[in-house]
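Working notes, beginning with the structure itself.
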Amino acid sequence: MEILDVLTSMAKTGRLGPVFSGADWNEVTAALGEPWDFGAMSRNRKWPRLFAYGDLELSVCRCRKISLICVQTWRDVVELPPSVLAGTGTFPARLRHTDVVSALDKAGCSWAPYAPLTFGDQFSLVVIPSGANFTFEIPEDEEPVLNVMGLPCDGHDCSARTASQDH
């Protein structure tokens, strides 16, 4: 399996194994093990928190549901949880725009430029209808290179507070 196969599958299905927007955090950690904990995303609260399995980054909201998913692809090597992939989970990166677009087209994922994240030295596209986003860095005098791929939030609102959850 190649990294473009993984990313196009994620764009098509909205998931990587047990990981998807709205997935229960306890079920994800039961399937994948303990992640790296990068800490709270706010100075004033303990949740939401940012976790990672290699280059798969997950924001987990206070209701213990995954609210944001992204794969960092700007490094030389992309590491993903091998337990959800056929293989080692380590892939070469530096994915060019033409290769990504070709893989999306081959997989039947229609896409369009995404203006809100296109500015300066970056270009972004969105997969229709999943909403998956591919954002590219535009190096000087080179073809755009994939920087990050993300899946959209499920839009849930966890405004209900419970005594058992740390807010």
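The values are calculated or read from the model by the stated rules, or taken from the named source; none is laboratory data. All values derive from a computational prediction rather than experimental measurement. Positions of Cβ are generated from backbone atoms using ideal geometry, with glycine treated the same way; all protein chains shown enter the neighbour counts. Side chains included, ligands, DNA and RNA excluded: accessible areas come from the protein's heavy atoms. Shrake-Rupley method; radii C 1.70, N 1.55, O 1.52, S 1.80 Å.
Given a 1.4 angstrom probe, what's the average accessible area per residue across the chain, in square angstrom?
Working: 8820 Å² over 167 residues.
Result: 53 Å² per residue.
How large is the helix-only mean residue ellipticity at 222 nm for the chain, computed as the sum of -39500 (n - 2.57) over DSSP H runs with n ≥ 4, divided by its residue count, in deg cm²/dmol to the nearest 500?
Roughly -5000 deg cm²/dmol at 222 nm, from the helical runs in the chain.
Summing Lys, Arg as +1 and Asp, Glu as -1, what charge do residues with Cβ under 15 Å from the Cβ of residue 75 carry, residue 75 excluded?
Details: positive: 94; negative: 55, 57, 76, 79, 137.
Summing Lys and Arg as +1 and Asp and Glu as -1 gives -4.
Could you give the length gained by full extension between residue 77 and residue 153, i.e. 0.36 nm per residue of separation minus their alpha carbon distance, to one decimal place?
Details: separation 76, 0.36 × 76 = 27.36 nm, distance 2.56 nm.
The span from residue 77 to residue 153 would gain 24.8 nm if fully extended.
How far apart, in nanometres, would the label points at residue 15 and residue 138 be if each is projected 7 angstrom from Cα along the Cα-to-Cβ direction?
Reported label-point gap for residue 15 and residue 138 is 3.7 nm.
What FRET efficiency would be calculated for the residue pair residue 45, residue 90, taking the C-beta separation as r and a Förster radius of 22 Å, to the nearest 0.05? Walk me through the numbers before you get to the answer.
Values: r = 34 Å, r/R0 = 1.55.
With R0 = 22 Å, the Cβ-Cβ based efficiency is 0.05.
Once phi is turned into θ = phi - 60°, what whole-Hz ³J(HN,Hα) does the Karplus curve with 6.51, -1.76 and 1.60 give for every residue of segment 127-139, x standing for Gly and Pro?
Once rounded to whole Hz, the list reads 8, 9, x, 5, x, 4, 10, 10, 10, 10, 8, 10, x.
If you roll a 1.4 Å probe over segment 29-112 with all protein chains in place, what percent of the accessible area is carbon or sulfur?
52 percent
Among the lysines, which fall within straight-line cross-link reach of residue 106, defined as a Cα-Cα distance under 25 Å, with same-chain neighbours fewer than 8 residues apart omitted?
In chain and number order, the partners are 12.
If you compute Rg/Rh (Cα atoms, Kirkwood Rh) for the structure shown, which of (i) 0.98; (ii) 1.04; (iii) 1.32 do you land on?
(i)
Ranked from the most accessible area to the least, with a 1.4 Å probe and all protein chains present, what is the order of 94, 49? Intermediate results must be reported in sequence, preceding the final value.
Values: 94 100, 49 45 Å².
Output order, biggest surface exposure first: 94, 49.
Among 81, 116, 144, whose mean-square fluctuation peaks in a Gaussian network model of the chain (Cα, cutoff 10 Å)?
In the Gaussian network model the winner is 116.
Given a Förster radius of 30 Å and the C-beta distance between residue 98 and residue 38 as r, what FRET efficiency does 1/(1 + (r/R0)^6) yield to the nearest 0.05? Kindly include the intermediate steps, with their values, before the conclusion.
Working: r = 33 Å, r/R0 = 1.09.
Efficiency, from the Cβ-Cβ distance: 0.40.
For the chain, just give the cysteines left without a disulfide-compatible partner, judged by no other Cys Cβ under 4.7 Å.
61, 70, 109, 153
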